[in-house]
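The values are calculated or read from the model by the stated rules, or taken from the named source; none is laboratory data. Predicted model only: the values in this text are computed from it and were never measured. Because the Cβ atoms are built from the backbone with ideal geometry, glycine has one as well, and the counts that use them run over all protein chains shown.
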Amino acid sequence: MSMKTFMRLFCAFQFFRDFILVYAVDKLLFLERGLELYQIAILIALWSVMAIILEVPSGALADRWNRKNMLVLSGVFDALGFATWLFSSSFWLFLLGFVFLTIGGSFASGTLQAYVYDFLKLHEKESEFERIWGRGSALRLIGIAIAMSLGGFLSTRSYELVLVFSALSPLVVAVVALLLPQVKPITSTGERGYLTLLRSGVKQAFSNRALLRVFLYSGTVFVTFGVLEEYDQVLLSSRLGLPNSFIGIWLAAGIGVSGICAFYAHRIKHVSWRVLNIIAVVTGTILIIVALSKSLALLGILLLLCIFNGLVGVLTQGIIQREIDSDERATITSVNAFVVEISAIILGLAFAFIANRFGIHIGYGFFGVVVLVYSLANLVLRRFPVKRLLRRWGS
């Protein structure tokens, strides 16, 4: 398959992967179907736990079995999840939908990055990974922005219509994945079994100083962006009193800006760590400002976080893919996602406790402290390497 055809399919996959209209109103859907807020919180917590359990094993399965087939099944399971919600009116049926969505998400997480990198390496274009991945990330975020706008509008007419479109989009993803070429790992897994491959991938992940550094960054800075973007709408409403119509437009704009930054992130890949470290320090500082501010300047500050989010997602993936062996690529990428999930649960629960007790703006300040502490620790560790500890982890 030519690079041009591959790029078209990859971009289509990324666009429709998160072109999910119900994302704009999923919590409102749950409430409308009779769930209580505490039940929604339990569903989200269980979703995260299931994702943690499946994340790394699914990556190892992709390395051992077939990455293309995993991508196809990812779309099928996502479609089943949203189709289940279409008929759900109880906690347990919604949970079943989350089970399908977790399987679908874990089958694509790590697998897609590994598949794309090995395709590029097969064509001797692996140096363009950041550019290609950034373009795909940009289209994915644009798809989210459009879906959120459409989902909010269509939900005023029918939640069922929103769910139908949400279930159809993953089916498009499955069809696109079927059209992708088979790409085997550049380095064969030989006769190694699933568990052997899993152990080997995890061992490499935690014995490589560069990978550990990325995992730590992802588990603090990247998680900060992921958790807080869920609460931006609440912050803007409670602190600034902005109407929901404006907040929806602003959120879509923020996602669009993040997508543009992801698109161009490859241009600074040669200074990835310098940029990432600057982003960490600036992020921690402005989150402290968010905790103290109650002006319209918050709109600009949150938009800056969207810019950082777009850059960080691409640059960290580029570093990871260059550091790992082909036959364990999906496994180790999933280890990074595993770290992110664990950190998101811990920091997310801490944020929820602080925000509920002291106010959501103080919760943002909490994340500012976390990121600044990470930046200080990163500086110390760079000056005082912990080689002995790394050798112990790798043994």
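Quick grid of which residues meet (1) under 18 Å from Val76 (Cα atoms); (2) basic (Lys, Arg); (3) part of a helix (DSSP H, G or I); (4) without any contact (Cβ under 8 Å) to a residue 24 or more places away in the chain:
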{"position": "Ser88", "(1), (2), (3), (4)": "no, no, no, no"}
{"position": "Leu95", "(1), (2), (3), (4)": "yes, no, yes, no"}
{"position": "Val99", "(1), (2), (3), (4)": "yes, no, yes, no"}
{"position": "Ile103", "(1), (2), (3), (4)": "yes, no, yes, no"}
{"position": "Tyr117", "(1), (2), (3), (4)": "no, no, yes, no"}
{"position": "Arg131", "(1), (2), (3), (4)": "no, yes, yes, no"}
{"position": "Ala138", "(1), (2), (3), (4)": "no, no, yes, no"}
{"position": "Ile142", "(1), (2), (3), (4)": "no, no, yes, no"}
{"position": "Ala145", "(1), (2), (3), (4)": "no, no, yes, no"}
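Name the single residue that is modelled with the lowest pLDDT among those in region 1-60 being of a type in the set (Val, Ile, Thr) and assigned to a loop (DSSP other than H, G, I, E, B).
Let us first name the residues in region 1-60 that are of a type in the set (Val, Ile, Thr), namely 5, 20, 22, 25, 40, 42, 44, 49, 52-53, 56.
Then keep just the ones that are assigned to a loop (DSSP other than H, G, I, E, B); that gives 20, 25.
Working: Ile20: 91, Val25: 76.
For region 1-60, the residue satisfying everything is Val25.
Suppose we filter Phe153, Phe94, Phe107 for residues that are aromatic (Phe, Trp, Tyr), modelled with pLDDT under 85 and surrounded by 21 or more Cβ atoms within 10 Å (Cβ to Cβ); which single one remains?
Working: Phe153 fails: surrounded by 21 or more Cβ atoms within 10 Å (Cβ to Cβ); Phe94 fails: modelled with pLDDT under 85.
Selected residue: Phe107, the only one of Phe153, Phe94, Phe107 that is aromatic (Phe, Trp, Tyr), modelled with pLDDT under 85 and surrounded by 21 or more Cβ atoms within 10 Å (Cβ to Cβ).
I'd like the full set of residues that are surrounded by fewer than 22 Cβ atoms within 10 Å (Cβ to Cβ) and farther than 15 Å from Leu150 by Cβ, limited to region 14-27.
The answer is Lys27, and nothing else.
Condition (residue is outside any helix (DSSP H, G or I) and under 23 Å from Asn336 (Cα atoms)) applied to region 106-114: is it met by at least one residue?
Within region 106-114, one or more residues are outside any helix (DSSP H, G or I) and under 23 Å from Asn336 (Cα atoms).
Just give me the residues in region 263-313 being of a type in the set (Val, Ile, Thr) and closer than 19 Å to Ala138 by Cβ, in sequence order.
Within region 263-313, Ile268, Val275, Ile279, Ile307, Val312 meet the criteria.
Quick grid of which residues meet (1) at pLDDT 80 or above; (2) of a type in the set (Asp, Glu):
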{"residue": "Lys203", "(1), (2)": "no, no"}
{"residue": "Ser207", "(1), (2)": "no, no"}
{"residue": "Val227", "(1), (2)": "yes, no"}
{"residue": "Glu230", "(1), (2)": "no, yes"}
{"residue": "Pro243", "(1), (2)": "no, no"}
{"residue": "Ala253", "(1), (2)": "yes, no"}
{"residue": "Val257", "(1), (2)": "yes, no"}
{"residue": "Ala265", "(1), (2)": "yes, no"}
{"residue": "Arg274", "(1), (2)": "yes, no"}
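Can you name the residue in region 278-313 that is of a type in the set (Gly, Ala, Ser) and within 13 Å of Phe367 (Cβ to Cβ) and, of all such residues, is farthest from the chain's Cα centre (by Cα)? Quick ask: steps written out before the conclusion?
We begin by selecting, within region 278-313, every residue of a type in the set (Gly, Ala, Ser); these are 280, 284, 291, 293, 295, 297, 300, 310, 313.
With the extra rule that they be within 13 Å of Phe367 (Cβ to Cβ), the set shrinks to 280, 284, 291.
Details: Ala280: 18, Gly284: 20, Ala291: 25 Å.
Top of the filtered list is Ala291.
Could you tell me which residue of region 228-263 is nearest to Leu315 (Cα to Cα), considering only residues that are surrounded by fewer than 16 Cβ atoms within 10 Å (Cβ to Cβ) and not hydrophobic (A, V, I, L, M, F, W, C)?
Filtering region 228-263 for residues that are surrounded by fewer than 16 Cβ atoms within 10 Å (Cβ to Cβ) and not hydrophobic (A, V, I, L, M, F, W, C), the one nearest to Leu315 (Cα to Cα) comes out as Glu230.
Assess whether Tyr364 counts as being within 30 Å of Glu126 (Cβ to Cβ), modelled with pLDDT of 80 or more and either more than 16 Å from the chain's Cα centre (by Cα) or surrounded by fewer than 21 Cβ atoms within 10 Å (Cβ to Cβ) (or both).
Working: within 30 Å of Glu126 (Cβ to Cβ): no; modelled with pLDDT of 80 or more: yes; either more than 16 Å from the chain's Cα centre (by Cα) or surrounded by fewer than 21 Cβ atoms within 10 Å (Cβ to Cβ) (or both): yes.
No: the conditions fail for Tyr364.
Scanning for something out of contact with any strand residue (DSSP E or B) (no Cβ under 6 Å at 6 or more places or on another chain), of a type in the set (A, V, I, L, M) and within 21 Å of Gly134 (Cβ to Cβ), does region 334-346 turn up at least one residue?
Yes, region 334-346 contains at least one residue that is out of contact with any strand residue (DSSP E or B) (no Cβ under 6 Å at 6 or more places or on another chain), of a type in the set (A, V, I, L, M) and within 21 Å of Gly134 (Cβ to Cβ).
Which fully enclosed helices (runs of 4 or more DSSP H) of region 216-318 have 3 or more residues being within 28 Å of Asn336 (Cα to Cα) and either in contact with a His (Cβ under 8 Å, 6 or more places away or on another chain) or in contact (Cβ under 8 Å) with a residue 24 or more places away in the chain (or both)? Please lay out each step first, then the result.
On the way: elements: 223-228, 232-240, 244-264, 272-292.
In region 216-318, the matching helices (runs of 4 or more DSSP H) lie at 223-228, 244-264, 272-292.
So which residues in region 269-303 are buried (at least 20 other Cβ atoms within 10 Å of the Cβ) and among the hydroxyl-bearing types (Ser, Thr, Tyr)?
Correct list: Ser272, Thr283.
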